[in-house]
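The values are calculated or read from the model by the stated rules, or taken from the named source; none is laboratory data. Small disclaimer: the values here were computed from a predicted structure and weren't measured. Counting neighbours? That spans all protein chains shown, and the Cβs are built from the backbone with ideal geometry, glycine included.
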Amino acid sequence: MTLDHVAIVVKDLDATLELYTKTLGFKVTYRERIADQGVEAVGLQAGESIVELLLPLSEDSPVARYRGDARTKLHHTAYRVDDLPAALATLKASGVRLIDETPRKGAHGNLIAFIHPASTQGVLIELCQRA
């Protein structure tokens with residue numbers, strides 16, 4: 001597995017983008033609305049990986065509730081796999097609790113699935129397979 005991205009939930013996307021692009025020098029690699037996940041996602045190039053900023057589309061969404069009153073909050077780490085269905089089958093057979101037992105569509109056409117934090121010592125982990 002390779003680190004694909006680290007996702008941060010933000011309250012003010014424009015201010016956070018200004019920090020990462022103008023102050024820190026990151027480049028935007030994608031920006032898209034993912035309606036079924038209730039977020040706008042912006043990917044920023046960080047070497048071989050991405051820092052992904054997530055803006056909840058509504059303040060009553062699960063992602064917004066997770067952020068709470070914080071301006072930003074680390075949401076998950078994502079690791080790239082070559083065969084997501086096989087990786088999920090292996091994890092499930094090992095007794096790992098999965099949020100997604102089958103892959104679903106994520107940002108820019110990637111297949112994604114989440115591992116439940118109860119099986120990862122409290123960290124939300126996403127597995128992704130590039131489109």
Task: Answer from Ala15, Ala35 - the residue that is of a type in the set (A, V, I, L, M) and under 20 Å from Asp100 (Cα atoms) - done: Ala35
Open item on the list: Kindly evaluate Ala41 against the criterion of being of a type in the set (Gly, Ala, Ser), closer than 20 Å to Ile115 by Cβ and part of a strand (DSSP E or B).
Closed with: yes
Task: Subset of the stretch 81-113 [surrounded by 18 or more Cβ atoms within 10 Å (Cβ to Cβ) and assigned to a strand (DSSP E or B)] - done: Leu111, Ile112, Ala113
Open item on the list: So, in the stretch 114-126, how many residues would count as being part of a strand (DSSP E or B) and within 17 Å of Leu54 (Cβ to Cβ)?
Closed with: 3
Task: Criterion (within 23 Å of Leu111 (Cβ to Cβ) and in contact with a helix residue (DSSP H, G or I) (Cβ under 8 Å, 6 or more places away or on another chain)) met by exactly one of Glu48, Glu32 - done: Glu32
Task: Failed criterion for Val63 (all others in (1) of a type in the set (Val, Ile, Thr); (2) at pLDDT 95 or above; (3) not in a strand (DSSP E or B) hold) - done: (2)
Open item on the list: Condition first: of a type in the set (A, V, I, L, M, F, W, C) and free of Cβ contacts under 8 Å to residues at least 60 places away in the same chain. Now tell me which residues in the stretch 1-28 satisfy that.
Closed with: Leu13, Ala15, Leu17, Leu19, Leu24, Phe26, Val28
Task: Subset tally (residues that are surrounded by fewer than 13 Cβ atoms within 10 Å (Cβ to Cβ), in contact (Cβ under 8 Å) with a residue 24 or more places away in the chain and in contact with a Lys or Arg (Cβ under 9 Å, 6 or more places away or on another chain)) for the stretch 58-80 - done: 2
Open item on the list: On the basis of being hydroxyl-bearing (Ser, Thr, Tyr), modelled with pLDDT of 95 or more, farther than 30 Å from Asp12 by Cβ and in contact with a helix residue (DSSP H, G or I) (Cβ under 9 Å, 6 or more places away or on another chain), does Ser119 make the cut?
Closed with: yes
Open item on the list: Just the residues that are of a type in the set (A, V, I, L, M) and touching a residue at least 12 places away in the same chain (Cβ under 8 Å), please, taken from the stretch 81-103.
Closed with: Val81, Leu84, Ala87, Leu88, Leu91, Val96, Leu98, Ile99
- [ ] Pull up the stretch 114-131, narrow it to residues that are of a type outside the set (Val, Ile, Thr) and closer than 15 Å to Met1 by Cα, then point me to the one that is surrounded by the fewest Cβ atoms within 10 Å (Cβ to Cβ).
- [x] Arg130
